[in-house]
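All remarks here apply to the structure that follows.
What follows is calculated from the coordinates using simple rules that are stated; it is not laboratory data. What you see is a predicted model, and the numbers here were worked out from it, not measured in a lab. Note that we place each Cβ from the backbone using ideal geometry, even for glycine, and neighbour counts take in every protein chain shown.
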Amino acid sequence: MPICNLGRTFLIGTPIALMAGLLALGPAQADLANVVRVVLQKGRQYAPTDLFLHRGDTIVLVNGDDGAIHHAFIEADRFAFDAGDQEPGKQATLTLKEPGDFVIECGIHPKMKLTLHVE
Ligand SMILES: [Cu+2]
């Protein structure tokens with residue numbers, strides 16, 4: 001009799017555990033939808049110069065110049081980003097966590113601007 005009761009408990013408990021597992025998958029699937037966008041720093045320009053992103057998306061800044069150092073940074077109200085000096089061929093990564101419009105500038109080339117539109 002006690003063994004039989006244990007069996008029932010197991011059978012009833014299993015679907016609940018499965019549902020909890022499916023619910024736990026929700027945020028993980030949302031993470032998979034996040035996008036990684038590559039931005040090229042070349043010829044004193046960002047390419048592209050505008051990006052439309054969602055919170056959680058990531059941009060990878062790639063210095064595609066042969067002889068120029070770039071220094072990407074953002075000065076925003078809610079956060080700051082500073083990639084430091086990027087030698088040719090080096091990458092810097094930024095994951096967007098705040099909504100809004102932000103401008104990535106370059107500390108070495110003042111005309112370089114990339115506007116991020118994050119929703
Ligand atoms: Cu630059």
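Look through the stretch 80-102, keep the residues that are of a type in the set (A, V, I, L, M, F, W, C) and closer than 16 Å to residue 57 by Cα, and return whichever of them is nearest to the ligand (Cβ to nearest atom).
That would be 92.
Restricting the stretch 69-79 to residues that are within 10 Å of the ligand (Cβ to nearest atom) and closer than 16 Å to residue 114 by Cβ, which is surrounded by the fewest Cβ atoms within 10 Å (Cβ to Cβ)?
Among them, the one singled out is 71.
What are the residues in the stretch 63-119 that are charged (D, E, K, R), part of a loop (DSSP other than H, G, I, E, B) and under 18 Å from residue 52 (Cα atoms), if any?
Within the stretch 63-119, 97, 98, 119 meet the criteria.
Out of (1) more than 14 Å from the ligand (Cβ to nearest atom); (2) in a strand (DSSP E or B); (3) surrounded by 12 or more Cβ atoms within 10 Å (Cβ to Cβ); (4) among the charged types (D, E, K, R), what's the single condition that is false for residue 55?
(2)
Give me the pairs, please: first residue somewhere in the stretch 58-78 and farther than 27 Å from residue 100 by Cβ, second residue anywhere and of a type in the set (Asp, Glu) and in a loop (DSSP other than H, G, I, E, B), beta-carbon distance under 9 Å, and either six or more positions apart or on two chains.
So the pair list comes out as 69/85; 69/87.
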